[in-house]
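Worksheet for the structure shown next.
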Amino acid sequence: ALRDGQFFLLYQPIFDLPSREAVGVEALIRWRHPQRGVVPPDHFIPLAEESGLIVPIGRWVLDEACRQAAAWAGEGLGIGVSVNVSAYQLGRRDFVDDVRRALQESAIEPSSLTLEITETTLVRNVPVACEHLGAVRALGVRVAIDDFGTGYASLSHLQRLPVDILKIDMSFVAALNKYPGWSRELLHASELLQAILGVGQALSLAVIAEGIEEQSHMAALEAMGCE
């Protein structure tokens, strides 16, 4: 697939809630298979990680996303791009070199690139994560903790990790309309969201809520102060 150019990226928008403007996108890989059609990532990424092929695939995603960001910038559309990074990639010594090269070849502003690492990935090896993420942040790249709330990152980990953004896992947002009307469960879901927003504020981290698909989700999060 990599050799024959069968991978492509979709871009999911990230909105600023007060202005309703798209301020960034998240790059999402898909595989256009000649027999199976479009294959979603959960059907091939686990095997790619197990086999080590996630390294050249991840490198391609990074290069392609940066190339697209550069093309948009050339059209006057200054928009940030987020790229997912696997545990296998993050643990490799040449990871920082891959990021540096992608920035140099695309000539985008480093601050327009965000690397997303899941909470579970980060806590597997905190010292290595701190070292490699610190190095990419020194380049000017931003770092986001993806799927926050589903892993086991303690507050002490969060204080140590060189990150800029918390991305609240969509399961917390989905819980807002899982329980219609007032209920103890709805109150619990709202309190959890409020607590995560509070953690972000206390640590001076931006917070992105994933999976806002209904007006009620957006209204509830805005009322909590999520931007």
Quiz item: What per residue convex hull volume, in Å³, comes out for region 1-154 when only alpha-carbon positions are used?
Solution: 136
Practice problem: Taking H placed 1.01 Å from N in the peptide plane, check which residues at least 5 places from L115 or on another chain put their amide H under 5 Å from its amide H. | Solution: V83, R142, V143, A144
Practice problem: List, in order, the whole-Hz ³J(HN,Hα) value for each residue of region 124-134 obtained from phi through the Karplus relation with A = 6.51, B = -1.76, C = 1.60 and θ = phi - 60°; use x for Gly and Pro. | Solution: 4, 8, 4, x, 5, 4, 4, 5, 6, 5, x
Exercise. Answer rounded, prolate or oblate for region 119-170, using the Cα gyration tensor with square roots of eigenvalues a ≥ b ≥ c: rounded when a/c is under 1.5, else prolate when a/b is larger than b/c, else oblate.
Key: oblate
Exercise. Determine ³J(HN,Hα), in whole Hz, for all residues of region 102-116 in sequence, where each value follows from phi through the Karplus function 6.51 cos²θ - 1.76 cosθ + 1.60 and θ = phi - 60°; x replaces Gly and Pro.
Key: 4, 5, 5, 6, 8, 6, 7, 5, x, 5, 8, 9, 10, 9, 9
Quiz item: To the nearest 10 square angstrom, how much accessible area does F148 have with a 1.4 angstrom probe?
Solution: 20
Practice problem: Take C66, C130 and sort them by solvent-accessible surface of the protein heavy atoms, 1.4 Å probe, largest at the top. | Solution: C130, C66
Quiz item: Around A209, which amide H atoms from residues at least 5 apart in sequence, or from another chain, sit under 5 Å from its own amide H, with H modelled in the peptide plane?
Solution: I168
Quiz prompt | Gyration tensor (alpha-carbon) shape descriptor, region 90-227, a/c threshold 1.5 | solution = prolate
Quiz prompt | Using alpha carbons only: equivalent-ellipsoid semi-axes of region 1-44, gyration tensor based, whole Å | solution = 30, 10, 7
Quiz prompt | Translational D in µm²/s for region 91-151 (Stokes-Einstein at 10 °C, 1.306 mPa s, Kirkwood Rh from C-alpha pairs) | solution = 131
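The values are calculated or read from the model by the stated rules, or taken from the named source; none is laboratory data. Source: prediction; values computed, not measured. Calculation scope for accessible area: heavy atoms of the full protein, side chains included, ligands and nucleic acids excluded. Shrake-Rupley method; radii C 1.70, N 1.55, O 1.52, S 1.80 Å.
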